[in-house]
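The values are calculated or read from the model by the stated rules, or taken from the named source; none is laboratory data. Please read these numbers as outputs of a predicted model, since none were measured by experiment. Cβ sites come from the backbone with ideal geometry, for glycine too, and all protein chains shown count toward neighbours.
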Amino acid sequence: MRGMIMLSLLDVKKSYKKNKAVDGISFEIQRGEIFGLVGANGAGKSTTISMLTTKTKPDSGDIIYQGKSIVKNPQLIREHLGYVPQDITLYSSLSGRDNLVFWGNAYHVPKKILEERIKEVCDIIGFTKDNLNQKTAEYSGGMKRRLNIGAALLHHPDFLVLDEPTVGIDIIARNQILESIRKLNRGGTTILYCGHYMDEVEQLCDSICILDKGKEIVYGKKKTLLTDTDKTLEELYYELIEVK
């Protein structure tokens, strides 16, 4: 049900040798919202994503998905999770369709419904049959980003993690991706959107957590944060970073 807590991070910490990559982060993501995770390079975003996608275990604290610990049992979230990394995870020698078939098989989507899922994904990311039949090596950067998102949707994830999905692309492709994200969310998908483009986060997100040097410096509903301060998200971000 929309509005219920889907995922919680509880005082999560992670260090690499003497470097505290994440130092006591806590936040909640509600079902049906778009949650923005914001920070500069080195703020702790990538490590946080690595932990909540169960690639890395925290040193301490817990991560709760639908009432149960995924630190103790990572499998609880994996079949419900779609993850779109910043790096493109497509095979350039294959067509768009063949890439989707590959990832559909990797997600164990039954063959009898895979073609239907591919059609659904293409509707979300705005791909035509001609686009699908092209080799991905021929795609623009924006098309690769859109197909990268599509590959993570084939198994109908409840929770989608997007790591900088608009980096390195032009404004038209960027707007296409943002509209695809809105369409997904309107369909009920809960989304964690990780980025450093403040205007995107302000446009898209319902709740926001700003990280700096591994620490959570502000977290809350976007409307509350921006109404209380009468600032844009970018202005608030730089003010908080300077204060720290």
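When you scan the stretch 205-212, do you find a residue that is of a type in the set (Val, Ile, Thr) and in contact (Cβ under 8 Å) with a residue 40 or more places away in the chain, even just one? Among the residues of the stretch 205-212, at least one is of a type in the set (Val, Ile, Thr) and in contact (Cβ under 8 Å) with a residue 40 or more places away in the chain, which makes the answer yes. When the stretch 158-201 is filtered for residues that are more than 17 Å from GLN30 (Cα to Cα), touching a residue at least 60 places away in the same chain (Cβ under 8 Å) and crowded, with 19+ Cβ neighbours inside 10 Å, the ones remaining, listed by number, are ASP163, GLU164, PRO165, GLY195, MET198. Every condition in (1) free of Cβ contacts under 8 Å to residues at least 60 places away in the same chain; (2) assigned by TED's automatic domain parsing to the domain that holds GLY24 holds for GLN66 except the one numbered (1). Residues that are among the β-branched types (Val, Ile, Thr), in a loop (DSSP other than H, G, I, E, B) and touching a strand residue (DSSP E or B) at 6+ places or on another chain (Cβ under 8 Å): does the stretch 105-125 have at least one? Looking for residues that are among the β-branched types (Val, Ile, Thr), in a loop (DSSP other than H, G, I, E, B) and touching a strand residue (DSSP E or B) at 6+ places or on another chain (Cβ under 8 Å), one finds none in the stretch 105-125, hence no.
Summed over the stretch 44-70, the residues that are over 16 Å from the mean Cα position of the chain (by Cα) and either surrounded by fewer than 17 Cβ atoms within 10 Å (Cβ to Cβ) or modelled with pLDDT under 95 (or both) give a count of 8. For the stretch 30-43, the criterion of a residue being in contact with a Cys (Cβ under 8 Å, 6 or more places away or on another chain), in contact (Cβ under 8 Å) with a residue 60 or more places away in the chain and of a type in the set (Phe, Trp, Tyr) is satisfied by at least one position. The single condition among (1) touching a helix residue (DSSP H, G or I) at 6+ places or on another chain (Cβ under 7 Å); (2) at pLDDT 95 or above; (3) in the same structural domain as MET143 (by TED's automatic domain parsing) that THR89 does not meet is (2).
Would you confirm, using the coordinates I've provided, whether LYS55 is farther than 23 Å from LEU233 by Cβ and assigned to a strand (DSSP E or B)? First the steps, then the outcome.
Working: farther than 23 Å from LEU233 by Cβ: yes; assigned to a strand (DSSP E or B): no.
Against the criterion (farther than 23 Å from LEU233 by Cβ and assigned to a strand (DSSP E or B)), LYS55 does not qualify.
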